[in-house]
Amino acid sequence: MATVPVTVTVNGTERTTEVEPRTLLVYFLRDQLGLTGTHIGCQTGQCGACTVQLDGEAVKSCMVLTVQAEGHAVTTIEGLAPAGTLHPVQAAFWEEHGLQCGYCTPGMVLTAEALLRDDPDPDDHTIRHAIEGNLCRCTGYQSVVQSVRVAATRMAEGAQPEPLLRRS
Amino acid sequence: MNPATFEYHRAGSVDEAIGLLGRFAAEGTEAKLLAGGHSLLPVMKLRLAEPAHLIDLSGATDADLRGVRLDGSTITVGALTTHRDLERDATLRERCPLLPQQAGRVGDRQVRARGTFGGTLAHADPAADYPAGVLALGVEIVARGPGGERTIAADDFFVAFLTTALAPDEVLTEVRIPVTPARTGMEYQKLANQASGYAVVGVAAVVTVGADGTCEAVRIGVTGAGDHAARAVTAEAALVGGPLDASTVAAACASADEGIDLLDDLHASADYRRRIVRGLSARAVLAAAGRATA
Ligand SMILES: Cc1cc2nc3c(=O)[nH]c(=O)nc-3n(C[C@H](O)[C@H](O)[C@H](O)COP(=O)(O)OP(=O)(O)OC[C@H]3O[C@@H](n4cnc5c(N)ncnc54)[C@H](O)[C@@H]3O)c2cc1C
Ligand code: FES
Ligand code: FES
């Protein structure tokens, strides 16, 4: 199979590798880089489990070719906060039970974080509109919306990533 | 679920893309342009398309491909403008709010970050949103090919299921939208499929209200109802010159489905679509008229 070189910055580190042009970004992240926090659900662009940030915008990584990310920056759930810490959005999901099985959670968190950078104080309708592309089969969304609201409040108060150990 | 194997080419300019399209056509191999990939990659994953070559336009540096420009009586929107950029564009929100309104209803936030205006028009999905809008606005679509540039009126652009007036070796570069006259309002009404987000039916209306409150001009674009988007010309004719009250508008819009060969599929029956086309047309016209005089 013919491969082509690509250089993508993933979670702040520049990665140069060879991929087949047809390789979807989600497979590059999971299979080549071992970043399995990015989940695969539908593979048709509907469920949002594969959501990552591309230059800070939430996108579905099953709908992007790795070659399309050439020269761009990707953030996965592993890179949202420094290792061993939780980003305030992650901490809020923890506290508010914004997850049950956790399948949708990396995508939910990355979409929510992108929303809060645009709109630090969204109302419930705005939050629901923003997570339209992230399906959750467990929570019924109520606690997800609550988590995003709490994250917004904490971030407005200046919350920073905090050590994971303090919570366990 | 990767697509089938293909060769990937990054076009640095529209002319380079046109050159590549010509070369592969001459070789007899299939090539496709790639913009946001949000219509093309799904059909490639399903092996409904297996192009041997993908020509990525996203790195093309031509200025006309990107952004929104207002000059004089025309607003120009570049083909690579994403749904999300359209949704937030200040010029459009002020001068042509129909397109930002439509953009905000496309798929979801992640889809809007990647999908493009030009890609949607070129793909001509029968359930896509913008086709209704560009018909109602009466835009001109600019295509560049080996012989140079030409403009195609929106009315002549959508030809059949997934088929437009674009030639296989043409690139859609930009869309020119006429600035609407005073006392004009616009509105998009969409009944979205709950699973996919696409329009079961979508209706866009642009209405100019005369000083006496009657309908001076109106254009109605309908998507989702037939195998390609179309104007509701019979309803438009019935509205012009008449009052814009709810019962008159509803009566005129009872002909909004005329001329459309209504789809009958698992999403909706033809009869259901007929009712929705009529109902959404009336709502869109009334809301547009309300904005025109607000
Ligand atoms: C989950 C999901 C939900 C969606 N929901 C909606 C919705 O509600 N409403 C809606 O309208 N759309 C919806 N879409 C489609 C989305 O809007 C696509 O972005 C859009 O239809 C195509 O734009 P693109 O830039 O992704 O084009 P691509 O997929 O890159 O290209 C589509 C086709 O157009 C051709 N093409 C692209 N650009 C050009 C150009 N400049 N000149 C000539 N040919 C070109 C390509 O060769 C290809 O054949 C959805 C998509 C997904 C995945
Ligand atoms: S796996 Fe990408 S949207 Fe479902
Ligand atoms: S927590 Fe299980 S899918 Fe959302």
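Tally the residues that are surrounded by 14 or more Cβ atoms within 10 Å (Cβ to Cβ) and not β-branched (Val, Ile, Thr), restricting the search to the stretch A:119-168.
Qualifying residue count, the stretch A:119-168: 23.
Kindly provide the set of residues from the stretch A:5-26 that are over 22 Å from B:His53 (Cβ atoms), open to solvent by less than 60 Å² (accessible area, probe 1.4 Å) and part of a loop (DSSP other than H, G, I, E, B), ordered by number.
A:Asn11, the sole residue that qualifies.
Here is a check on your reading of the model: is A:Gly41 modelled with pLDDT of 95 or more and either in contact with a Lys or Arg (Cβ under 8 Å, 6 or more places away or on another chain) or within 16 Å of ligand 1 (Cβ to nearest atom) (or both)?
yes
Just checking, which of B:Gly28, B:Gly36, B:Gly59, B:Gly22 is within 13 Å of chain A (Cβ to nearest Cβ) and open to solvent by 30 Å² or more (accessible area, probe 1.4 Å)? Don't jump to the end; show me each part of the working.
On the way: B:Gly28 fails: within 13 Å of chain A (Cβ to nearest Cβ); B:Gly36 fails: open to solvent by 30 Å² or more (accessible area, probe 1.4 Å); B:Gly22 fails: within 13 Å of chain A (Cβ to nearest Cβ).
From the options B:Gly28, B:Gly36, B:Gly59, B:Gly22, the qualifying one is B:Gly59.
With (1) in contact with a helix residue (DSSP H, G or I) (Cβ under 8 Å, 6 or more places away or on another chain); (2) open to solvent by 50 Å² or more (accessible area, probe 1.4 Å) as the list, and A:Glu78 as the residue in question, which single condition is left unmet?
In the conditions (1) in contact with a helix residue (DSSP H, G or I) (Cβ under 8 Å, 6 or more places away or on another chain); (2) open to solvent by 50 Å² or more (accessible area, probe 1.4 Å), A:Glu78 misses (1) alone.
Condition check ((1) acidic (Asp, Glu); (2) open to solvent by 10 Å² or more (accessible area, probe 1.4 Å); (3) out of contact with any helix residue (DSSP H, G or I) (no Cβ under 9 Å at 6 or more places or on another chain); (4) not assigned by TED's automatic domain parsing to the domain that holds B:Val218) across all residues:
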| residue | (1), (2), (3), (4) |
| --- | --- |
| B:Ala103 | no, no, no, yes |
| B:Arg109 | no, yes, no, yes |
| B:Gly118 | no, no, no, yes |
| B:Leu121 | no, no, no, yes |
| B:Pro126 | no, yes, yes, yes |
| B:Tyr130 | no, no, no, yes |
| B:Gly133 | no, no, no, yes |
| B:Ile141 | no, no, no, yes |
| B:Arg144 | no, yes, no, yes |
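Can you pull out every residue in the stretch A:1-53 that is hydroxyl-bearing (Ser, Thr, Tyr) and facing another protein chain (nearest Cβ under 10 Å)?
In the first step, residues of the stretch A:1-53 are kept if they are hydroxyl-bearing (Ser, Thr, Tyr); the result is A:3, A:7, A:9, A:13, A:16-17, A:23, A:27, A:36, A:38, A:44, A:51.
Hits for the stretch A:1-53 are A:Thr23, A:Tyr27, A:Thr44, A:Thr51.
Enumerate the pairs (first residue in the stretch A:110-139 and over 22 Å from A:His39 (Cβ atoms) and away from ligand 1 (no atom under 16 Å from the Cβ); second residue anywhere and assigned to a helix (DSSP H, G or I) and open to solvent by less than 60 Å² (accessible area, probe 1.4 Å)) with beta-carbon separation below 6 Å, excluding pairs fewer than 6 apart on the same chain, so at least 6 apart or on different chains.
A:Asp121/A:Ala152; A:Asp124/A:Val145
What is the one condition in (1) open to solvent by 10 Å² or more (accessible area, probe 1.4 Å); (2) in contact with a strand residue (DSSP E or B) (Cβ under 8 Å, 6 or more places away or on another chain); (3) more than 14 Å from chain B (Cβ to nearest Cβ) that A:Ala91 does not satisfy?
(1)
Exactly one of these conditions fails for A:Leu29: (1) within 15 Å of ligand 2 (Cβ to nearest atom); (2) crowded, with 20+ Cβ neighbours inside 10 Å; (3) closer than 30 Å to A:Glu157 by Cβ. Give me its number.
Among (1) within 15 Å of ligand 2 (Cβ to nearest atom); (2) crowded, with 20+ Cβ neighbours inside 10 Å; (3) closer than 30 Å to A:Glu157 by Cβ, A:Leu29 violates only (3).
So which residues in the stretch A:58-74 are within 18 Å of A:Arg117 (Cα to Cα) and surrounded by fewer than 21 Cβ atoms within 10 Å (Cβ to Cβ)?
Correct list: A:Ala73 only.
For the stretch B:260-294, how many residues meet the condition of being in a loop (DSSP other than H, G, I, E, B) and either modelled with pLDDT of 95 or more or more than 25 Å from B:Val218 (Cα to Cα) (or both)? Break it down into steps so the answer makes sense when it comes.
Quick first cut of the stretch B:260-294, residues in a loop (DSSP other than H, G, I, E, B) only: B:260-269, B:294.
Now restrict to residues that are either modelled with pLDDT of 95 or more or more than 25 Å from B:Val218 (Cα to Cα) (or both): B:260-269.
Looking only at that region, the number is 10.
Report, by residue number, each residue of the stretch B:100-139 that is part of a helix (DSSP H, G or I), more than 17 Å from B:Thr173 (Cβ to Cβ) and of a type in the set (A, V, I, L, M, F, W, C).
Let us first name the residues in the stretch B:100-139 that are part of a helix (DSSP H, G or I), namely B:100-103, B:109-114, B:117-123, B:130-137.
After this cut, where a residue has to be more than 17 Å from B:Thr173 (Cβ to Cβ) as well, the list is B:100-103, B:109-114, B:131-133, B:135-137.
Matches in the stretch B:100-139: B:Ala103, B:Val111, B:Ala113, B:Ala132, B:Leu135, B:Ala136, B:Leu137.
For the stretch B:168-215, list the strands (runs of 3 or more DSSP E) that sit wholly inside it and hold at least 1 residues that are within 14 Å of another protein chain (Cβ to nearest Cβ); which are they?
Details: elements: B:171-178, B:184-192, B:199-209.
The strands (runs of 3 or more DSSP E) meeting that bar are B:184-192.
Test A:Cys136 against the criterion of being away from chain B (no Cβ under 14 Å), within 16 Å of ligand 2 (Cβ to nearest atom) and of a type outside the set (Val, Ile, Thr), and give yes or no.
Details: away from chain B (no Cβ under 14 Å): no; within 16 Å of ligand 2 (Cβ to nearest atom): yes; of a type outside the set (Val, Ile, Thr): yes.
Criteria not met by A:Cys136.
What is the one condition in (1) open to solvent by less than 60 Å² (accessible area, probe 1.4 Å); (2) in contact (Cβ under 8 Å) with a residue 60 or more places away in the chain; (3) part of a strand (DSSP E or B) that B:Gly226 does not satisfy?
Condition (3) is where B:Gly226 drops out.
Looking at (1) within 29 Å of B:Val106 (Cα to Cα); (2) assigned to a loop (DSSP other than H, G, I, E, B); (3) hydrophobic (A, V, I, L, M, F, W, C), which is the only condition A:Val144 fails?
Among (1) within 29 Å of B:Val106 (Cα to Cα); (2) assigned to a loop (DSSP other than H, G, I, E, B); (3) hydrophobic (A, V, I, L, M, F, W, C), A:Val144 violates only (2).
Right, B:Arg114: within 16 Å of ligand 2 (Cβ to nearest atom), farther than 20 Å from B:Ala204 by Cα, within 14 Å of chain A (Cβ to nearest Cβ) and open to solvent by 40 Å² or more (accessible area, probe 1.4 Å) or not?
Working: within 16 Å of ligand 2 (Cβ to nearest atom): yes; farther than 20 Å from B:Ala204 by Cα: yes; within 14 Å of chain A (Cβ to nearest Cβ): yes; open to solvent by 40 Å² or more (accessible area, probe 1.4 Å): yes.
Yes; evaluated as a whole, the condition is true for this residue.
Might you check whether a residue that is of a type in the set (D, E, K, R), under 13 Å from A:Ala58 (Cβ atoms) and more than 16 Å from ligand 3 (Cβ to nearest atom) occurs anywhere in the stretch A:102-117? Walk me through it before giving the result.
Taking the stretch A:102-117 and keeping what is of a type in the set (D, E, K, R), we get A:113, A:117.
Subset that is under 13 Å from A:Ala58 (Cβ atoms): A:113, A:117.
In the following step, the residues that additionally are more than 16 Å from ligand 3 (Cβ to nearest atom) were identified as A:113, A:117.
Checked the stretch A:102-117: at least one residue is of a type in the set (D, E, K, R), under 13 Å from A:Ala58 (Cβ atoms) and more than 16 Å from ligand 3 (Cβ to nearest atom).
The values are calculated or read from the model by the stated rules, or taken from the named source; none is laboratory data. All figures in this text were calculated on a predicted structure; none of them were measured in a lab. We place every Cβ from the backbone using ideal geometry, glycine too, and count neighbours over all the protein chains shown. Surface accessibility is based on the protein's heavy atoms, side chains included, excluding ligands, DNA and RNA. Shrake-Rupley method; radii C 1.70, N 1.55, O 1.52, S 1.80 Å.
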